Amino acid sequence: MRVTKLEHAALVVEHSGDRLFIDPGKFTTPITEASGALAVVITHLHDDHWTPEQLARIGERNPDVRVFGPKGVVEAAADTGIAVERVEPGDAVEVGPFRLRFFGGSHAVIHPSIPVIDNVGVLVDDALYYAGDSFAVPEGVEVDVLAAPAGAPWMKISEAMDYVMAVRPKRAFPTHEMVLSRAGKELSNARLAWATEQVGGEYLALEPGDSFDL
């Protein structure tokens, strides 16, 4: 399998021509090359993780694509005519070569004045884990590769560092970093690399468009 980091929180996983998209939102370049897409996972409602337009582009090229997300996404997408299959923590789904397991349940707290929404983390083929906007640890799982949050209104870098060390991945790379300047990305990469190395892992300072193999 090959994983390609797109802008901000979006990823695409490819396996023998089949594709899985994760969290293509408004900070991600419009997805126009989506042939072979079997599924899309949306971790939560916020539009930096999905937009109807991104889903429509993928669906136009793949009429049978399946879209998965928590309750809030199901309800919001229904207003646009897009069908989303509801998933919750503990669920497992197989789509072609992709086995998806879901964890977590809630978005990280941004501020007490802002309601907490539902959020699911996804584990792909028991190897790649992305928690969306949360620090949910997939209990009982040895994570090969972790998509680690680099910058967001709901986190500080010490929390992300502690999270990486709690998950103990073999490899980690940054996600959710469009809110950072170049200087901010370099600082975040340095801190996340340190945390990854503390648990014996390797840090991949990926930029949008970079890929690696699982």
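The values are calculated or read from the model by the stated rules, or taken from the named source; none is laboratory data. Note that the structure is a prediction, hence the values are computed from the model and not measured. Glycine also receives a Cβ, built like all others from the backbone with ideal geometry; neighbour counts cover every protein chain displayed. Keep in mind that these areas ignore ligands, DNA and RNA; they rest on the heavy atoms of the full protein, side chains included. Shrake-Rupley method; radii C 1.70, N 1.55, O 1.52, S 1.80 Å.
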* Structure fact -> Going residue by residue through the stretch 177-191, the Karplus relation 6.51 cos²θ - 1.76 cosθ + 1.60 with θ = phi - 60° gives ³J(HN,Hα) values, rounded to whole Hz and with x marking Gly or Pro, of 10, 5, 7, 9, 6, 4, 4, x, 5, 5, 5, 4, 4, 5, 5
* To do: Return one number: the angle in degrees, 0 to 90 and rounded to the nearest 10, between the long axis of the Cα atoms of helix 52-61 and the longest principal axis of the Cα atoms of the chain.
  => 60
* the stretch 10-71: proportion of alpha-carbon pairs further apart than 19 angstrom, % -> 18
* Asked: If you take the alpha carbon radius of gyration of the stretch 140-202 and divide it by 2.2 N^0.38 Å, what ratio comes out, to two decimals?
  -> 1.03
* Tabulate in residue order the Karplus-calculated ³J(HN,Hα) for the stretch 200-205, using 6.51 cos²θ - 1.76 cosθ + 1.60 with θ = phi - 60°, rounded to whole Hz; enter x for Gly and Pro. => x, x, 10, 9, 10, 7
* **For the chain, calculated [θ]222 nm from helices alone, where every DSSP H run of n ≥ 4 adds -39500 (n - 2.57)** => -6500 deg cm²/dmol
* Using 7 Å Cα-to-Cβ label points, what is the Asp126/Glu139 separation (nm, one decimal)? -> 2.0
* To do: Any chance you could check the Cα centroid distance between the stretch 1-75 and the stretch 107-157 for me, in angstrom?
  => 17
* How big is D, in µm² s⁻¹, for the stretch 57-214 by Stokes-Einstein at 20 °C and 1.002 mPa s if Rh is the Kirkwood radius over C-alpha pairs? -> 128
* Asked: Mind checking which lysines have their C-alpha under 19 Å from Lys26, skipping anything on the same chain fewer than 8 residues away?
  -> Lys5
* To do: Return one number: the angle in degrees, 0 to 90 and rounded to the nearest 10, between the long axis of the Cα atoms of helix 157-167 and the longest principal axis of the Cα atoms of the chain.
  => 80
* **Theoretical gain in end-to-end length, Val199 to His111 [0.36 nm per residue, Cα-Cα removed]** => 28.6 nm
* Inverting the mean 1/r over all pairs of different Cα atoms, compute the Kirkwood radius of the stretch 87-158 and quote it in Å. => 13.0
* Determine the percent antiparallel among the DSSP beta bridges restricted to the chain, to the nearest 5. => 60
* Structure fact -> Mean-square fluctuation maximum in Gaussian network of the chain, Cα pairs under 10 Å, restricted to Glu14, Glu88, Glu186, hits Glu186
* To do: Any chance you could run the full-extension gain for Thr80 through Met165? It's 0.36 nm times the residue separation minus the Cα-Cα distance, nm to one decimal.
  => 26.6 nm
* Report the relative contact order of the chain, percent, no decimals, based on alpha-carbon pairs under 8 angstrom and at least 6 residues apart. => 18
* Kindly work out what percent of the DSSP beta bridges joining two residues of the stretch 1-90 are antiparallel, to the nearest 5. => 50
* **In Hz, Karplus ³J(HN,Hα) per residue of the stretch 13-22 (6.51, -1.76, 1.60; θ = phi - 60°; x = Gly, Pro)** => 10, 10, 9, 6, x, 8, 10, 10, 9, 10
* Apportionment of accessible area to carbon and sulfur, the chain, percent (1.4 Å) -> 50
* Structure fact -> For the stretch 1-108, inverting the pair-averaged 1/r of distinct alpha-carbon atoms gives a Kirkwood value in Å of 13.7
